[in-house]
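Notes for the one structure printed next.
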Amino acid sequence: MKTAILGLDIGNTNVKGIIIDAQGAVLGLSKMPATAMRAADGSIDAGKLTACMAKLCRETVQKAGDCKIKGLAVAGMGCGGIYLDAQDRPLSLPAIGNHIDLMPHLSQQEYMNICGYNKGYADSGMILAQLARSQPDYVKKIRCFFSLVDYINFYLTGVKKRELSIAGSMTFQDKTKGTDWFDFIEANGIDMDILPPACRSGDYLGCLTASAAKDCGLPADTPVFAGGHDYLCAAFAAGCVNEGDVINVLGTYEMLATFFNTPQKNFYDPGLQSFMDYHTYPGRYTITAEQYGIGFHLKDDIPLGARFEKLEKNPQDEPELAKVIKNQNKRFVDCFKYLQHMAGDDKPLRNIKAVGGGSRSRFWLQDKANVLGLTVTVPRITEATATGAALLAGYGCGLFKSYEAASRLYENVEADILEPMDKKEEDNQSC
């Protein structure tokens with residue numbers, strides 16, 4: 001019986017599960033549309049979320065066949081949250097009304113230097129703080145505040161914890177001190193008792209409860225470990241953990257991030273959506289720039305997947321899609337220049353690793369390489385985010401001796417390497 005690890009990914013478009021062995025070979029893979037976890041209005045439904053992840057787990061385990069799962073971990077979107085009452089039942093929050101400045105004595109940059117996000121970023125922590133100001137009596141009903149990933153971990157184990165790489169995408173973290181942002185929490189009348197204890201990626205949370213084990217099709221002694229923020233789990237799988245590494249995630253959103261050994265300051269840029277997160281790799285911080293994905297710029301009359309297939313065969317068959325991608329890449333230059341400025345001119349960022357669904361498009365990445373004049377590498381890692389979660393479980397259960405060993409498992413994996421072309425080469429390829 002093979003020893004294996006399981007990673008689950010709560011994505012914005014799809015949810016995915018993967019089982020890999022100690023060498024990184026894929027033993028089982030499953031995915032389903034994220035609509036399975038959403039209510040009619042598009043919001044996350046807590047009951048559907050747990051049912052969706054349990055079904056995903058069962059299907060992935062069934063596809064893997066005869067193997068021993070040594071551990072599992074969950075990755076997922078940051079910023080979103082679930083609120084529980086005193087009986088651990090999910091609550092639906094009322095509308096918060098107009099956004100107000102909750103820390104008016106701090107400038108935008110001072111605020112971002114502390115929590116990593118701008119004042120207008122509508123994460124679930126910010127929503128809770130706004131609600132605590134406007135409807136304090138209602139907020140008293142809330143007895144626990146979870147991210148989506150932390151809620152799934154609670155469903156799996158019955159243990160209440162906050163994983164730091166996702167907690168860092170909420171307003172409650174002071175990244176300069178590595179603690180909760182007590183000034184913000186106290187200023188807005190939030191009860192500290194509703195925030196579970198913090199943990200880091202790879203930490204042991206507990207074994208599956210009997211009911212979760214039955215739902216997921218796994219033995220009750222299966223250990224669960226903390227996963228992390230989706231794009232950072234993908235970076236972990238791709239080995240992007242050190243200063244100078246750059247990850248480009250092409251999914252529902254396009255994100256570009258580089259990494260630092262210390263918290264950064266003065267990174268606010270009014271022209272970009274930028275923020276600072278904790279990495280899933282302890283002792284690392286990210287500076288990230290983000291854009292909306294191209295799916296938001298195209299008509300839905302033809303499935304996007306079919307259009308990409310035509311584009312890859314002949315760019316002239318999909319001129320509208322090709323134009324959108326080229327425009328996206330032109331804007332992307334600003335993101336890269338911003339990260340290079342943050343890294344410092346004495347530390348040139350020379351190689352970008354790309355992951356996510358969009359990384360399957362050679363046209364998109366070749367044009368990106370051409371525009372930037374830099375190499376773009378696509379490591380052949382199946383479902384990088386779910387794989388990153390699995391690797392963190394592998395570290396937690398002792399399959400890998402260190403975070404470094406886990407993050408380097410795919411170091412020598414085959415990769416597609418796209419070098420920048422000159423204009424003549426580009427024109428010839430387009431023809």
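Results, tabulated for the structure shown:
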{"read-out": "Unique match (being part of a loop (DSSP other than H, G, I, E, B), under 20 Å from the mean Cα position of the chain (by Cα), in the same structural domain as ASN153 (by TED's automatic domain parsing) and more than 26 Å from ASP193 (Cβ to Cβ)) among GLY42, GLY78", "value": "GLY42"}
{"read-out": "Any hit, the range 156-175, residues being touching a His at 6+ places or on another chain (Cβ under 8 Å) and hydroxyl-bearing (Ser, Thr, Tyr)", "value": "yes"}
{"read-out": "Failed item in (1) over 15 Å from the mean Cα position of the chain (by Cα); (2) part of a loop (DSSP other than H, G, I, E, B); (3) not aliphatic (A, V, I, L, M), with CYS240 passing the rest", "value": "(1)"}
{"read-out": "Top-ranked residue in the range 257-273 [being assigned to a strand (DSSP E or B) and modelled with pLDDT of 95 or more; ranked as surrounded by the fewest Cβ atoms within 10 Å (Cβ to Cβ)]", "value": "PHE260"}
{"read-out": "Top-ranked residue in the range 46-72 [being within 26 Å of LYS2 (Cα to Cα) and among the aliphatic types (A, V, I, L, M); ranked as surrounded by the most Cβ atoms within 10 Å (Cβ to Cβ)]", "value": "LEU72"}
{"read-out": "Any chance TYR204 is over 18 Å from TYR151 (Cα atoms) and either modelled with pLDDT of 95 or more or not basic (Lys, Arg) (or both)", "value": "no"}
{"read-out": "Candidate set from the range 94-119 (those that are modelled with pLDDT under 90 and of a type in the set (Gly, Ala, Ser)); member that is surrounded by the fewest Cβ atoms within 10 Å (Cβ to Cβ)", "value": "ALA95"}
{"read-out": "Candidate set: the range 74-97, residues that are small (Gly, Ala, Ser) and in contact with a Ser or Thr (Cβ under 8 Å, 6 or more places away or on another chain); chosen: the one nearest to PRO136 (Cα to Cα)", "value": "GLY97"}
{"read-out": "Boolean, ALA75 is touching a Cys at 6+ places or on another chain (Cβ under 6 Å), touching a residue at least 40 places away in the same chain (Cβ under 8 Å), of a type in the set (A, V, I, L, M) and crowded, with 24+ Cβ neighbours inside 10 Å", "value": "yes"}
{"read-out": "Restricting the range 159-184 to residues that are part of a helix (DSSP H, G or I) and touching a helix residue (DSSP H, G or I) at 6+ places or on another chain (Cβ under 6 Å), the residue that is nearest to GLN130 (Cα to Cα)", "value": "ILE166"}
{"read-out": "Residue in the range 402-415 that is in contact (Cβ under 8 Å) with a residue 12 or more places away in the chain and either within 21 Å of GLU290 (Cβ to Cβ) or among the polar types (S, T, N, Q) (or both) present", "value": "yes"}
{"read-out": "Residue match in the range 369-377 (condition: crowded, with 17+ Cβ neighbours inside 10 Å, under 24 Å from VAL26 (Cβ atoms) and within 25 Å of the chain's Cα centre (by Cα))", "value": "yes"}
{"read-out": "Near pairs, Cβ below 8 angstrom, 6+ apart or cross-chain, from the range 353-376 (assigned by TED's automatic domain parsing to the domain that holds ASN14) to any residue that is in a helix (DSSP H, G or I) and of a type outside the set (Phe, Trp, Tyr)", "value": "none"}
{"read-out": "Pairs where the first residue, in the range 80-92, is under 17 Å from LEU128 (Cα atoms) and the second is at pLDDT 95 or above and of a type in the set (Gly, Ala, Ser), C-beta under 7 Å, 6+ apart", "value": "GLY80/SER147; GLY81/SER147; ILE82/ALA46; PRO90/ALA46"}
{"read-out": "In the range 144-168, residue surrounded by the most Cβ atoms within 10 Å (Cβ to Cβ) [restricted to those that are touching a Phe, Trp or Tyr at 6+ places or on another chain (Cβ under 7 Å) and within 17 Å of ARG284 (Cα to Cα)]", "value": "SER165"}
{"read-out": "Tally, over the range 163-187, of residues that are over 16 Å from HIS279 (Cα atoms) and in contact with a strand residue (DSSP E or B) (Cβ under 7 Å, 6 or more places away or on another chain)", "value": "3"}
{"read-out": "All positions within the range 123-146 that are touching a helix residue (DSSP H, G or I) at 6+ places or on another chain (Cβ under 9 Å) and either part of a loop (DSSP other than H, G, I, E, B) or within 19 Å of LEU272 (Cβ to Cβ) (or both)", "value": "ILE142, ARG143"}
{"read-out": "Residues satisfying the stated conditions in the range 300-323, i.e. within 28 Å of the chain's Cα centre (by Cα) and either assigned to a helix (DSSP H, G or I) or of a type in the set (Lys, Arg) (or both)", "value": "LEU304, GLY305, ALA306, ARG307, PHE308, GLU309, LEU311, GLU312, LEU321, ALA322, LYS323"}
{"read-out": "The one condition in (1) among the small types (Gly, Ala, Ser); (2) surrounded by 24 or more Cβ atoms within 10 Å (Cβ to Cβ); (3) in contact with a Leu (Cβ under 8 Å, 6 or more places away or on another chain); (4) modelled with pLDDT of 95 or more that ALA289 fails to fulfil", "value": "(4)"}
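So that you can scan it fast, the table gives a plain yes or no per residue for (1) among the β-branched types (Val, Ile, Thr); (2) surrounded by fewer than 24 Cβ atoms within 10 Å (Cβ to Cβ); (3) assigned by TED's automatic domain parsing to the domain that holds LEU8:
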{"residue": "LEU195", "(1), (2), (3)": "no, yes, yes"}
{"residue": "GLY206", "(1), (2), (3)": "no, yes, yes"}
{"residue": "ALA210", "(1), (2), (3)": "no, yes, yes"}
{"residue": "LYS214", "(1), (2), (3)": "no, yes, yes"}
{"residue": "LEU218", "(1), (2), (3)": "no, yes, yes"}
{"residue": "PHE225", "(1), (2), (3)": "no, no, yes"}
{"residue": "ASN248", "(1), (2), (3)": "no, no, no"}
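The values are calculated or read from the model by the stated rules, or taken from the named source; none is laboratory data. Note that the structure is predicted; figures quoted are calculated from it, not measured. As a convention, Cβ positions derive from the backbone with ideal geometry for all residues, glycine included, and neighbour counts pool all protein chains shown.
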